[in-house]
Amino acid sequence: MRTYVPRAVGALAGLALLLAVGWVAWLWYDSRLPDTYDVMDYGAHDYGGGSVPSAGHHSGISVAELRGPRMGAADAKFVLTARTATIRLASGRTVEALTFDGMSPGPELRVRQGDLVEVTLVNDDVSQGVTIHWHGVDVPNAEDGVAGVTQNAVLPGQRYRYRFRAEQVGTFWYHSHQVSSKEVRRGLFGSLVIEPKQSSFDLDLSLAAHTFDGVATLNANDGFQSRRVSPGSDVRLRLLNSDGTPRRFTVQGTRFFVLALDGTDLNKPSPIENETLEIAGGGRVDIAFTVPRSPVWISLADTEVGLALNARGASRPVADVTIEFDPAGYGEPTATPFDASSPSDRRFELTIGRWPGFLDGRPGLQWTINGRIFPHVPVFVVEEGDLVRVTIANDTDAVHPMHLHGHHLLVLSRDGVPVSGSPWWADTLNVEAGEQYDVAFRADNPGIWMDHCHNLRHAADGLTMHVMYTGVTTPFKIGDTTHNEPE
Ligand code: C2O
Ligand code: CU
């Protein structure tokens, strides 16, 4: 009798322990990815309250058929050769990089709106393979450059041709979407500028911020580059952040306008000064000003890296910049194709969390989407023509620059406060810790599209999901046996 109670308790505790171990073992087992898998087979399909395609619905179209124009002479033709190279920063420091044409950033591609663009990617010696994704350009799905979803990785000795019509205007960039967390960091990216048919700037430059081996650079320059520009000239700077974490720029010595965010012009921007510009990992901000008689400095905050105009002999003033530029109330409202009052066809939630669990069999603290760990994250299923609303919430203490391929998001509100200035369209939205955004997009570009954090390390660690149109399938697969590894 004396041992009866403890024995029962012991037995129960043993059973509970066994169940717990069994449960954890099952979680581990269930998290493992096969050697080869199809993005179509993973994730929990979420229809956002919209219609669910009937079971026998097999009027499928393959991603591979959703191509840009195959016929017709290209208006702008480029060849980009991916290869390993040693690049030299302005300070003389060298970096073992992955490059396009021996440089990083790769060549700036400049085209005009309406051009049929043709880019041939050649992989010289990048052993893991390469693709090119046109970040922010809403190309047809097969031109989107995602290994294992829209094409196979281009292995050494192989080539691949992209063709698309440049319909948008603005500042974009291109980068590899094969093992992107490593390849972009090591240098496989460049800027892509789509100019309007008429452009009126005296100087129009793209400046890409990138960290090479821990060293901050602007266009691979790790110091200040200086230029002489005649006072009165109109300058447009296209600032791009190819890192995974936000970067701040300061502008000193002039008032300036913020012309565009993520490649989309803002309506009636007003001049500002002494405001820092924060750019999401993967985001772009275009600014413009008229060159004054005195020097102007554009710098990467907290570094000695930047661009100095007419600054010979002058020293940069200590930054007195404290206000952060806020796109949510800048410029003036104007009509948009839809707004917060438009009835949506589907409504999704995308809540980012962090929980202990297994990612492909590895234990740890994992990123979660709506409480689930990759590959059990949701797949947002949409139908062509739908107006889709998404609430993106960040319940972690990290920043997540969320990037949807193939579409632009109209930002409706942040933390419940409606956007009050110019319409704000984003393709890479910096969602800070604790923030919540309401966004909307029109599902007008059929395909299977990635929707992921552009801190590419986070994406590789599972902060990745897809927006899938009903009836679209992909013949491509991810995994070791295919060489395809998009993140
Ligand atoms: Cu700039 Cu999915 O990427
Ligand atoms: Cu992230």
Conditions (1) without any contact (Cβ under 8 Å) to a residue 60 or more places away in the chain; (2) within 12 Å of ligand 2 (Cβ to nearest atom); (3) open to solvent by 20 Å² or more (accessible area, probe 1.4 Å); (4) not aromatic (Phe, Trp, Tyr); number of the one not met by Gly434: (2)
Taking region 53-77 on its own, how many of its residues are on the phi < 0 side of the Ramachandran plot and modelled with pLDDT of 90 or more? 16
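Each row is one residue, and each column tells you yes or no for (1) acidic (Asp, Glu); (2) within 21 Å of Asp326 (Cα to Cα); (3) open to solvent by 20 Å² or more (accessible area, probe 1.4 Å).
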| position | (1), (2), (3) |
| --- | --- |
| Ser206 | no, no, no |
| Ala209 | no, yes, no |
| Gly214 | no, no, yes |
| Ser242 | no, yes, no |
| Thr245 | no, yes, yes |
| Phe249 | no, yes, no |
| Ala260 | no, yes, no |
Residues of region 117-158 being touching a Lys or Arg at 6+ places or on another chain (Cβ under 8 Å) and not in a loop (DSSP other than H, G, I, E, B), which ones? Val117, Glu118, Val119, Thr120, Leu121, Val122, Asn123, Ala142, Glu143
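Per-residue answers, yes or no, for (1) more than 10 Å from ligand 1 (Cβ to nearest atom); (2) open to solvent by 10 Å² or more (accessible area, probe 1.4 Å):
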site	(1), (2)
Gly129	yes, no
Gly136	no, no
Glu143	yes, no
Val146	no, no
Asn152	yes, yes
Tyr160	yes, yes
Arg165	yes, yes
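Rundown of residues vs (1) more than 15 Å from ligand 1 (Cβ to nearest atom); (2) hydroxyl-bearing (Ser, Thr, Tyr), yes/no style:
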residue: Thr428; (1), (2): no, yes
residue: Ala433; (1), (2): yes, no
residue: Gln436; (1), (2): yes, no
residue: Asp444; (1), (2): yes, no
residue: His454; (1), (2): no, no
residue: Asp461; (1), (2): no, no
residue: Met465; (1), (2): no, no
residue: Tyr469; (1), (2): yes, yes
Do the conditions hold for Trp425, that is, is it within 23 Å of Phe172 (Cβ to Cβ), open to solvent by 20 Å² or more (accessible area, probe 1.4 Å) and touching a Ser or Thr at 6+ places or on another chain (Cβ under 7 Å)? yes
Those residues of region 262-279 that are surrounded by fewer than 22 Cβ atoms within 10 Å (Cβ to Cβ), farther than 13 Å from Glu332 by Cα and of a type in the set (D, E, K, R) come to a total of 3
Inside region 315-409, counting only strands (runs of 3 or more DSSP E) that do not spill past its ends, which hold 1 or more residues that are over 27 Å from Pro486 (Cα atoms)? 346-359, 387-394
Tell me the residue from Arg67, Arg110 that is under 30 Å from Asn445 (Cβ atoms) and assigned to a strand (DSSP E or B), please. Arg110
May I ask you to verify whether Gly364 is open to solvent by less than 40 Å² (accessible area, probe 1.4 Å) and without any contact (Cβ under 8 Å) to a residue 12 or more places away in the chain? yes
Any pair with Cβ under 6 angstrom, 6 or more apart, that starts in region 462-485 at a residue that is among the β-branched types (Val, Ile, Thr) and ends at one that is open to solvent by less than 10 Å² (accessible area, probe 1.4 Å) and within 16 Å of ligand 2 (Cβ to nearest atom): Thr464/His452
For region 84-94, does any single residue satisfy the condition of being open to solvent by less than 60 Å² (accessible area, probe 1.4 Å), within 30 Å of Gly214 (Cα to Cα) and either touching an Asp or Glu at 6+ places or on another chain (Cβ under 6 Å) or part of a loop (DSSP other than H, G, I, E, B) (or both)? yes
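The values are calculated or read from the model by the stated rules, or taken from the named source; none is laboratory data. Please read these numbers as outputs of a predicted model, since none were measured by experiment. Neighbour counts are summed over all protein chains in view; Cβ atoms, including those assigned to glycine, are modelled from backbone coordinates with ideal geometry. Protein only, heavy atoms only, side chains kept; ligands, DNA and RNA dropped before computing areas. Shrake-Rupley method; radii C 1.70, N 1.55, O 1.52, S 1.80 Å.
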